[in-house]
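What follows is a set of notes on a single structure, which appears directly below.
The values are calculated or read from the model by the stated rules, or taken from the named source; none is laboratory data. Everything numeric in this text was worked out from a predicted model, so none of it was measured. Note that we place each Cβ from the backbone using ideal geometry, even for glycine, and neighbour counts take in every protein chain shown. When the accessible area is computed, the model is the full protein with side chains, heavy atoms only, and any ligands, DNA or RNA have been set aside. Shrake-Rupley method; radii C 1.70, N 1.55, O 1.52, S 1.80 Å.
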Amino acid sequence: MGPGATSGAPQGFQAQGAPAPPAYPQETGRPQQGGPSFGGGGDDWVISPPSSTAPGSPGGGPGGPGGPGGYGYPQPGNTQAPPAPPGQSFHQGPMTWTATIGPDREYFMAMMQRSGPEAAGLNLPAYSPEQQRQLTGNQVTIGRRRHSTGDTPDVDLSVPPEDPGVSHQHAVLVQQPDGSWAVVDQNSTNGTTVNGAEEPITPFVPVPLQDGDRVHVGAWTTITIRRG
């Protein structure tokens with residue numbers, strides 16, 4: 001546990017601008033990859049990122065302002081998705097892809113086991129209808145709206161019920177030259193996993209997605225990618 005970190009459970013979600021709640025522990029075993037950490041926000045939570053360690057294992061210090069893996073929009077040049085190879089254009093044929101976004105009880109329970117008793121303040125939303133959107137353009141950003149600046153990602157997980165484990169700039173879906181999609185983690189605090197894996201994907205490295213693949217972000221959100 002890093003200096004100044006606390007292990008107590010939070011007393012509930014707090015509104016924007018309120019003092020930062022106690023942060024969930026962050027695993028020290030996952031190196032901070034892909035560049036410097038981003039500026040933290042007082043409205044963010046840190047939960048234990050996916051890892052292969054036993055449930056309830058000790059965590060490290062919280063990712064607060066100036067700390068490891070803080071939230072926030074990265075500096076220009078650090079978050080741009082890799083461009084398509086020269087000479088290749090995006091496929092604009094009849095193939096369409098959609099993303100279904102919603103709470104995932106199985107993922108939430110796995111996250112709770114990894115986080116231990118410190119995550120007791122988190123509760124899966126009692127009711128949250130799934131969202132569905134067609135994937136268009138060259139990339140689709142995933143995160144939470146930053147109220148101080150109004151910056152809003154394409155998939156905004158700050159809308160009620162807000163997923164507090166999602167970074168403001170968490171991940172991005174990138175269209176591939178053949179028309180398929182890949183997911184790129186933006187060095188998010190709590191990581192991004194695919195298809196229930198325990199280990200998070202490497203930041204800034206595209207991971208190709210197939211029809212039916214599931215992308216997990218935050219405390220309970222799963223984004224299912226489907227073709228056609």
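Name the residues in the stretch 145-179 that are in a loop (DSSP other than H, G, I, E, B), open to solvent by less than 20 Å² (accessible area, probe 1.4 Å) and touching a residue at least 40 places away in the same chain (Cβ under 8 Å), would you?
Listed by number, the residues that qualify are Leu157, Asp163, Pro164, Gly165, Val166, Ser167, His168, Gly179.
Name the pairs: first residue in the stretch 214-228 and within 17 Å of Met112 (Cα to Cα), second residue open to solvent by 30 Å² or more (accessible area, probe 1.4 Å) and at pLDDT below 95, Cβ to Cβ under 6 Å, at least 6 apart or on different chains?
Once the first residue is within 17 Å of Met112 (Cα to Cα) and sits in the stretch 214-228, its partners that are open to solvent by 30 Å² or more (accessible area, probe 1.4 Å) and at pLDDT below 95 give Trp220/Pro103; Trp220/Leu124.
Which of the following residues is within 23 Å of Val207 (Cα to Cα), of a type in the set (D, E, K, R) and at pLDDT 95 or above: Asp178, Asp156, Asp185?
Step by step, each of Asp178, Asp156, Asp185 is checked, and only Asp185 is within 23 Å of Val207 (Cα to Cα), of a type in the set (D, E, K, R) and at pLDDT 95 or above.
Looking at this structure, is Val140 modelled with pLDDT of 90 or more and touching a Gly at 6+ places or on another chain (Cβ under 8 Å)?
Judged against the criteria, Val140 is not a match.
Just wondering, is there one or more residues in the stretch 102-112 that are at pLDDT below 90 and in a loop (DSSP other than H, G, I, E, B)?
The answer is no; no qualifying residue exists.
What is the residue count in the stretch 180-200 for residues that are open to solvent by 20 Å² or more (accessible area, probe 1.4 Å) and among the hydrophobic types (A, V, I, L, M, F, W, C)?
2
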